[in-house]
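Accompanying notes for the structure given below.
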Amino acid sequence: MTDHTAPGLVTTTETGIVIVRCAGELDLNGTPSLRDALLGPIRAGARGVVVDLTETTFCDSTVFSVLVEASRAAAAQNVPYAIAAGQTAVARPLQILGLDRLLPLHAGLDSAQAAVARRPASPVPDPARRSPVRRLDDDRSQR
C-alpha cells in the first residue's frame with residue numbers, strides 16, 4: 001500500500017511495518033504532514049514504524065521535534081520505531097544536538113527495518129498488576 005501524503009513524503013506498508021520516506025528538504029511547512037504520517041500508525045498500533053530520511057537533504061528543528069514526539073509516542077504505545085538517517089545533512093545535526101543518544105538512529109533503511117522487525121511489540125504493563133510498594137515507615141511502625 002502506498003499513500004502520497006505530501007510532496008517528498010511517501011508512506012508505504014511492508015509486512016505490517018509502516019515506512020515513511022522523506023525526500024528533499026523538510027522544514028516547518030512539512031512537519032504537520034510528517035507528524036500525521038508518523039503518529040497515525042503509532043496510535044493505531046502498527047507492527048512498527050520506520051522513518052526513512054536517507055534521501056533528505058535538509059531538516060530544521062521542527063522536524064527533529066516531530067521525530068522525538070513520534071519516538072516518545074511509539075515507546076508509550078510499545079510500537080517498534082526506528083529512523084534511517086544516513087545523510088550527513090540529517091545525522092550530523094542530530095549528533096550535535098545529542099538526539100543520537102535519544103532516538104533510534106540507523107545508517108540505512110535496511111538496518112532500521114531489521115531493528116523494527118526484530119523487536120516485537122511488548123504489551124503495556126498493567127498498573128493493577130504491580131507489586132505493592134512498601135514504605136520505610138511501615139517497617140518502623142511494626143517494631
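Read-outs throughout are calculated quantities, based only on the coordinates presented, and are distinct from any laboratory measurement. Quantities reported herein were computed from a predicted structural model and do not represent experimental measurements. Here the Cβ positions follow ideal geometry from the backbone for every residue, glycine too, while neighbour counts run over all protein chains shown.
Details
- Scanning residues 5 or more positions from Gly86 or on other chains, those with amide H under 5 Å from its amide H are Leu53, Thr54, with H placed 1.01 Å from N in the peptide plane.
- 3J(HN,Hα) couplings calculated from phi for segment 37-46 with the Karplus curve 6.51 cos²θ - 1.76 cosθ + 1.60 (θ = phi - 60°) are, in sequence order, 5, 8, 6, x, x, 5, 5, 7, x, 4 Hz; Gly and Pro show x.
- The residues packed around Ala114, meaning those with a beta-carbon under 15 Å from its beta-carbon, carry a net charge of 0 if Lys and Arg are +1 and Asp and Glu are -1.
- Our coupling estimate for segment 98-104, obtained by passing each phi through the Karplus curve with A = 6.51, B = -1.76, C = 1.60 and θ = phi - 60°, is x, 6, 5, 8, 9, 9, x Hz, Gly and Pro reported as x.
- Under 5 Å from the amide H of Ile19 lie the amide H atoms of Thr12, Thr13, Glu14, Val50, each residue being 5 or more positions distant or on a separate chain, with H modelled from the backbone and absent for Pro and chain starts.
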